[in-house]
Amino acid sequence: MRRMRRRWFTAALCALALCAPGSLTPASAAEDPGKAGQARLRVLTRNLYLGGDLAPVLAATSPQALVAAVTAVYANVQATNFPERAGELADEIAKSGPHLVGLQEAVLWRSQTPAGPGSATHVEYDFLQILLDALAARGKHYAAVASVVVGSDFEAPRSTPSGLQDIRLTDRDVLLARTDLPAGVFSVANAQATTFQSHLPICRPVLGCPPNPPLQVRRGWVAADATLRGHTARVVTTHLEPASPTVQEAQTDELLAGPLNTALPTVLLGDLNSAAGGVGATPGTATQSHNKLLAAGFTDAWSRTRPRDPGFTCCQAPDLRNLTSSLTQRIDYVLHRGKITTVATDRLGESRADRTPSGLWPSDHAGVKSVLRLG
């Protein structure tokens with residue numbers, strides 16, 4: 001069997017960052033962006049769930065075990081049926097009408113048959129395009145406003161009845177914006193996207209490490225300046241590292257020194273993998289990223305409006321078919337700083353009524369939506 005590509009593992013560990021699950025009432029007339037005099041920005045953060053638990057891939061100790069793990073993971077991706085889930089996710093967005101949506105794990109799955117040299121290019125699932133198409137089918141108009149951040153890009157073979165097939169996973173974070181409002185009402189400018197300098201090094205014997213150097217699990221952020229009725233705020237979305245508190249907190253420092261270092265009112269959306277109160281997203285770890293952001297002057301929109309509600313956002317079972325919600329942590333956030341006031345905050349996709357017709361949760365996370373008054 002040919003040697004497995006090392007980049008598979010880079011993203012495999014990155015995607016293990018899935019740690020990371022809620023619902024918002026329809027926008028009221030007072031929240032209507034078309035109503036004169038209102039500057040109420042609606043935002044949503046949504047981890048889409050790449051479709052499988054990559055832990056077995058990380059546990060593989062031989063090429064044969066790796067093929068078996070990839071085969072099982074991709075079977076779960078197919079079973080968790082993102083095209084079906086995208087309908088529920090699009091319904092959420094269509095109902096609540098956010099101006100901006102921060103997406104995590106907007107992945108691209110590709111294949112190559114038979115397995116062999118080169119990179120897989122045949123698209124199996126493009127989560128971003130599937131969601132955009134579902135929105136368009138509902139008469140809703142959104143587009144990515146900045147280049148997506150590729151958190152990982154990796155490839156390895158799975159077993160099929162006709163032989164080995166390469167499966168490639170590309171992870172992306174995306175900031176979506178509404179495109180159907182007049183420029184005088186809502187517009188977006190200064191789109192940016194980059195990766196963090198801080199990253200997680202990975203060394204596995206099956207990768208030949210050592211003597212080969214460790215792999216690097218990269219993450220990043222996407223940002224844009226949004227203007228609503230003459231009021232401008234910078235909106236940033238990110239997905240922080242879950243497996244290393246040290247790396248995650250360094251990424252938080254980079255956010256504070258980078259896109260969050262602005263005189264503009266600022267909104268941070270994302271799966272921070274840092275539970276409120278310093279609890280780590282990965283069992284047995286603790287991280288201060290959420291606390292660091294609060295110490296830097298950010299307000300937690302959920303805590304401000306629902307201080308007695310734990311608001312758990314993570315995580316449903318990997319197959320998304322658990323009958324009772326298993327959300328036990330809050331690691332998905334809307335945070336803001338500057339001249340911004342939280343008007344309302346709620347979760348999306350946390351109720352059994354939100355599941356798809358076949359019984360799938362829309363994601364292993366719940367989404368968080370907020371209405372924010374600018375100025």
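The values are calculated or read from the model by the stated rules, or taken from the named source; none is laboratory data. Here the structure is a predicted model, which means the values were calculated and not measured. When we count neighbours, we look across all protein chains shown, and the Cβ atoms used for this are built from the backbone with ideal geometry, even at glycine. Just the protein is used for accessible areas: all its heavy atoms, side chains included, with ligands, DNA and RNA removed. Shrake-Rupley method; radii C 1.70, N 1.55, O 1.52, S 1.80 Å.
Given the criteria modelled with pLDDT of 95 or more and touching a helix residue (DSSP H, G or I) at 6+ places or on another chain (Cβ under 6 Å), does residue 370 qualify? For residue 370, the condition - modelled with pLDDT of 95 or more and touching a helix residue (DSSP H, G or I) at 6+ places or on another chain (Cβ under 6 Å) - is met. Restricting attention to segment 110-126, the residues being loosely packed, with under 12 Cβ neighbours inside 10 Å and hydroxyl-bearing (Ser, Thr, Tyr) number 1. You will find that of 369, 339, the residue that is over 20 Å from residue 77 (Cα atoms) and surrounded by fewer than 14 Cβ atoms within 10 Å (Cβ to Cβ) is 339 and no other.
Among the conditions (1) open to solvent by less than 10 Å² (accessible area, probe 1.4 Å); (2) modelled with pLDDT of 50 or more; (3) within 30 Å of residue 302 (Cβ to Cβ), residue 40 misses just one, which is (1). Among the residues of segment 75-91, the ones that are surrounded by 22 or more Cβ atoms within 10 Å (Cβ to Cβ) and either of a type in the set (D, E, K, R) or more than 19 Å from residue 137 (Cα to Cα) (or both) come to 2 in all. Of all the numbered requirements in (1) at pLDDT below 95; (2) open to solvent by 10 Å² or more (accessible area, probe 1.4 Å); (3) within 18 Å of the chain's Cα centre (by Cα); (4) not basic (Lys, Arg), residue 279 misses one, and that requirement is (3). Number of residues in segment 238-273 that are assigned to a helix (DSSP H, G or I) and closer than 27 Å to residue 39 by Cβ equals 2.
To keep it simple, each residue is scored yes or no on (1) assigned to a loop (DSSP other than H, G, I, E, B); (2) surrounded by 18 or more Cβ atoms within 10 Å (Cβ to Cβ); (3) in contact with a Pro (Cβ under 6 Å, 6 or more places away or on another chain); (4) of a type in the set (A, V, I, L, M, F, W, C).
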residue: 290; (1), (2), (3), (4): no, yes, no, no
residue: 294; (1), (2), (3), (4): no, no, no, yes
residue: 319; (1), (2), (3), (4): yes, no, no, no
residue: 335; (1), (2), (3), (4): no, yes, no, yes
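Evaluated against (1) out of contact with any helix residue (DSSP H, G or I) (no Cβ under 7 Å at 6 or more places or on another chain); (2) under 30 Å from residue 359 (Cβ atoms); (3) part of a loop (DSSP other than H, G, I, E, B), residue 302 falls short on exactly one condition, (3). Can you name every residue in segment 179-219 that is surrounded by 19 or more Cβ atoms within 10 Å (Cβ to Cβ) and not in a loop (DSSP other than H, G, I, E, B)? If the condition is that a residue be surrounded by 19 or more Cβ atoms within 10 Å (Cβ to Cβ) and not in a loop (DSSP other than H, G, I, E, B), then 186, 188, 193, 200, 202, 207, 215, 217 are the ones that fit. Within segment 228-240, residues that are within 20 Å of residue 103 (Cβ to Cβ) reach partners that are surrounded by fewer than 24 Cβ atoms within 10 Å (Cβ to Cβ) and among the acidic types (Asp, Glu) with beta carbons closer than 7 Å, at six or more positions or on different chains, in the pairs 234/225.
Give the residue, chosen from 94, 106, that is open to solvent by 10 Å² or more (accessible area, probe 1.4 Å), modelled with pLDDT of 95 or more and among the aliphatic types (A, V, I, L, M). Full working, then the answer.
Values: 106 fails: open to solvent by 10 Å² or more (accessible area, probe 1.4 Å).
Answer to the selection: 94.
Select from segment 55-72 the residues that are at pLDDT below 85 and either in contact with a strand residue (DSSP E or B) (Cβ under 6 Å, 6 or more places away or on another chain) or hydrophobic (A, V, I, L, M, F, W, C) (or both) and list them in ascending order. Across segment 55-72, the qualifying residues are 55, 57, 58, 59, 60.
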